[in-house]
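The values are calculated or read from the model by the stated rules, or taken from the named source; none is laboratory data. Everything numeric here is computed off the predicted structure, so don't read it as measured data. Methodologically, a virtual Cβ is constructed for each residue, glycine included, from the backbone with ideal geometry; neighbour enumeration extends over all protein chains shown.
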There are 2 protein chains.
Amino acid sequence: MENNNDIPRALGRISYGLYVVSSSDGGKFNGQIVNTVFQVTSSPARIAVGINKANLTHEYISRSGAFSVSVLSVGTPQVFIGLFGFRTGRETDKFGKTAHKLLDGCPAVTENAVAVMTVKVENSVDMGTHTLFYGSVTAAETLSGGDTMTYDYYRNVIRGKTHKNATTFNTAG
Amino acid sequence: MENNNDIPRALGRISYGLYVVSSSDGGKFNGQIVNTVFQVTSSPARIAVGINKANLTHEYISRSGAFSVSVLSVGTPQVFIGLFGFRTGRETDKFGKTAHKLLDGCPAVTENAVAVMTVKVENSVDMGTHTLFYGSVTAAETLSGGDTMTYDYYRNVIRGKTHKNATTFNTAG
């Protein structure tokens with residue numbers, strides 16, 4: 001028999017970055033912390049992201065058909081991650097005091113970001129608790145030469161927490 | 001106007017690890033280097049991976065409906081990455097001299113790996129040049145306490161190359 005008990009620990013060895021994924025609904029902006037952003041093809045430049053169905057950002061992406069990705073820098077403060085990762089846009093205006101811009105019509109957080117890109121959703125995949133949205137990058141900018149925050153650094157150096165709605169929330173991991 | 005010229009550089013700031021994804025066809029084993037492995041849901045523990053349609057591993061996963069992921073350690077030698085990343089299983093028996101095991105019936109490379117897991121494919125998404133395969137983790141083992149190889153480390157410290165069939169091959173990045 002195989003030892004299946006190591007699934008959470010094995011999953012914990014997959015590498016990720018840390019991102020804010022944002023979208024809009026009419027004039028309202030919202031965004032959330034995500035670690036599962038990844039490129040799925042190079043031609044065209046196509047990005048996928050997994051978003052929990054319970055999140056406001058999920059509603060906004062579903063309605064607007066677009067999202068932005070802000071790649072966070074290693075110096076991103078905990079309070080910023082707390083705002084975007086552990087509070088809901090249903091109760092808090094996350095963009096009110098956060099530097100951002102419109103990138104190809106989509107709100108993108110520029111604060112603590114080393115790069116931003118906007119993705120036009122081509123399609124989505126129902127993954128149960130989460131939806132995988134994917135599409136082509138229509139615009140992108142690099143903002144600074146700083147190092148990117150890795151999820152490993154966030155977890156092990158900053159001792160950051162993972163929200164229960166994350167794709168990688170593993171109780172034993 | 002937005003500056004779209006930064007798309008390759010912005011994409012280059014997304015973080016990845018480095019993995020061997022393996023599968024079988026009858027008694028034949030094959031595997032390849034992949035950087036886009038990611039967890040898409042936590043309940044169930046579900047993994048997705050992007051594989052180029054031109055690759056032999058793509059054929060094997062399509063036929064067998066299963067694949068393994070070996071999470072590579074930071075000490076993985078270049079010659080190993082060359083074997084699994086830049087040679088085709090159509091001409092080379094990559095498993096002949098490589099330590100591996102069967103994990104829930106699927107061949108998994110254990111050499112240079114800090115963790116292995118086997119995924120039963122639930123479904124796939126046609127992404128043009130690539131297919132995104134995803135499914136639940138049926139078995140997993142952690143193999144050592146070593147650090148994982150990040151794609152950034154591979155590219156910037158080891159100065160490793162990216163195969164043209166990778167999801168993240170960007171000519172300017």
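Listed by first and then second residue, the pairs linking a residue in segment B:56-77 that is touching a residue at least 12 places away in the same chain (Cβ under 8 Å) to a residue that is in a helix (DSSP H, G or I) and surrounded by 22 or more Cβ atoms within 10 Å (Cβ to Cβ), with Cβ atoms under 6 Å apart and 6 or more places separating them unless they lie on different chains, are B:F67/B:I61.
Taking the stated definitions as given, is B:D6 without any contact (Cβ under 8 Å) to a residue 60 or more places away in the chain and facing chain A (nearest Cβ under 8 Å)? Yes: the conditions hold for B:D6. In segment B:123-173, what residues are under 25 Å from A:S136 (Cβ atoms), among the aromatic types (F, W, Y) and touching a residue at least 12 places away in the same chain (Cβ under 8 Å)? B:F133, B:Y134, B:Y151, listed by residue number. Looking across A:V49, A:V71, one residue alone is at the interface with chain B (Cβ under 8 Å from one of its Cβ atoms) and part of a strand (DSSP E or B). It is A:V71. Within segment B:56-96, the set of residues being at pLDDT 95 or above and farther than 23 Å from B:E141 by Cβ comprises B:L56, B:H58, B:E59, B:S62, B:R63.
Consider segment B:138-173. How many of its residues are more than 8 Å from every other protein chain (Cβ to nearest Cβ) and among the hydroxyl-bearing types (S, T, Y)? Total meeting the criteria: 5. Among all residues of segment B:53-62, there is none that is part of a strand (DSSP E or B) and under 14 Å from the mean Cα position of the chain (by Cα).
For segment A:100-129, the candidate set comprises residues that are buried (at least 18 other Cβ atoms within 10 Å of the Cβ) and of a type in the set (G, A, S); within that set, the residue that is farthest from A:V34 (Cα to Cα) is A:S124.
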